[in-house]
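**Student:** Take a look at the following structure, please.
Please treat every number below as a calculation from the coordinates, not as lab data. Everything numeric here is computed off the predicted structure, so don't read it as measured data. All Cβ positions, even for glycine, are placed from backbone atoms using ideal geometry, and neighbour counts span all protein chains on display.
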């Protein structure tokens, strides 16, 4: 399950995965992000806040996740990954080849520092 909050004034999104991610999670997220992007040309930042990455509910969840990244990565300036997950420590190097956003990792407890970094001008 994916919880998220769009901070309209800051042009940020906070994503908090709390269970395996589903196709429905990304359908809802895509609708809301697309609606936001109709009024703004970019997202200044995206904060992924989770202790451990929960994985996907099924293959449809994974494909929906990849499709969301493919369709939106050019409209996101920065990504802050606030997580203690082992995957989080290697993810920035892996995904920098596929996304145009600047990516930085933070510890799970450093969510506020991650948001502060996202709010800074790129």
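**Student:** Antiparallel DSSP bridges in the chain: what percent, to the nearest 5?
**Tutor:** For the chain, the DSSP antiparallel bridge percentage is about 25.
**Student:** What is the extension gain from residue 9 to residue 69, computed as 0.36 nm multiplied by their sequence separation minus the C-alpha to C-alpha distance, in nm to one decimal?
**Tutor:** 19.3 nm is the gain from fully extending residue 9 to residue 69.
**Student:** What is the chain's relative contact order, in percent, from Cα pairs under 8 angstrom and six or more apart in sequence?
**Tutor:** It rounds to 25 percent for the chain.
**Student:** Continuing with the same structure: So what is the 222 nm mean residue ellipticity for the chain from helices alone, if each DSSP H run of at least 4 adds -39500 (n - 2.57) and you divide by all residues, rounding to the nearest 500 deg cm²/dmol?
**Tutor:** -13000 deg cm²/dmol
**Student:** Would you calculate the separation in nanometres between label points at residue 28 and residue 112, each defined as 7 Å from the Cα along the Cα-to-beta-carbon direction?
**Tutor:** With each label placed 7 Å out from Cα toward Cβ, I get 2.8 nm.
**Student:** Turning to a different aspect of this structure: On the first, second and third principal axes, largest extent first, how far apart are the outermost C-alpha atoms of segment 1-78 in Å?
**Tutor:** Over segment 1-78, Cα extents along the principal axes are 32, 23, 17 Å.
**Student:** Still on this structure, I have one more. Quote the relative contact order of segment 6-64 in percent (integer), defining contacts as alpha-carbon pairs under 8 Å separated by 6+ residues.
**Tutor:** Over segment 6-64, the number comes to 54 percent.
**Student:** So, one more: Quick check: pseudo-label points 7 Å beyond the Cα along Cα→Cβ at residue 42 and residue 104, how many nm apart are they?
**Tutor:** For the pair residue 42/residue 104, the computed spacing is 1.5 nm.
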